[in-house]
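Here's the structure, in structure tokens; my notes come after.
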Amino acid sequence: MSTDERRQKEEGDALALLHNDHVDILAMFEGLRSLSASRSVSRTLSTACGLLVQHAQIEFELFYPALRGLSGFEDVLDAARIEHRTMNELISELVHASPRNGLRASRIEALAMYVAHHFREEEEKLFPRARSLGIDLMALGRQIVKRRAEIELEGQPAACKQAA
């Protein structure tokens, strides 16, 4: 990735940053579908898992709290919390299962579909409403960039390391 591309991904409003995460994570899952070597799948799965967990942490710590209490967001945020819990369960199943487990490909596919659904819900329901409320998305974007750097320094979540 060039310096300009990296800077573009590290700057901008919160919704642009979260959208970029969505694109990157979905691309990783699409790549998982085309991999056949178990080692390649394990490495890519570990990376995708790490990005997904990092993204969820940022949403829970920064994005969702910025929307909590605002008119009309409670149901959507509650649904997002449930979706995240289900994704975490699928991740746990994946990283604790043997790479030779016959259900691995099915679990990857299920997680990919669930992630795509969740991201679509956010992009179609949360993002437009968040933009219309006048939230300082640039300030929130700066907080996201800062927190992401902190999370990256902490290292990959232990649960995701088992997928490697």
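Nothing in this text is a laboratory measurement; each read-out follows from the coordinates by a stated rule. This is a predicted model, so every value here is computed, not measured. Quick reminder, even Gly has a Cβ in these numbers, built from the backbone with ideal geometry, and neighbours come from all protein chains shown.
Overview of values
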| item | result |
| --- | --- |
| Neighbour-limited loop hits for trypsin sites (Lys or Arg not before Pro), region 62-95 (at most 15 other Cβ within 10 Å; DSSP other than H, G, I, E, B) | R68 |
| Mean Cβ neighbour count within 10 Å, used as a protection proxy, ranking 142-148, 41-47, 69-75 highest first | 41-47, 142-148, 69-75 |
| Region 3-161, relative contact order in percent, only Cα pairs under 8 angstrom and at least six apart counted | 43 percent |
| Exposure proxy ranking, count of Cβ atoms within 10 Å, fewest first, for I151, I91, I25 | I151, I25, I91 |
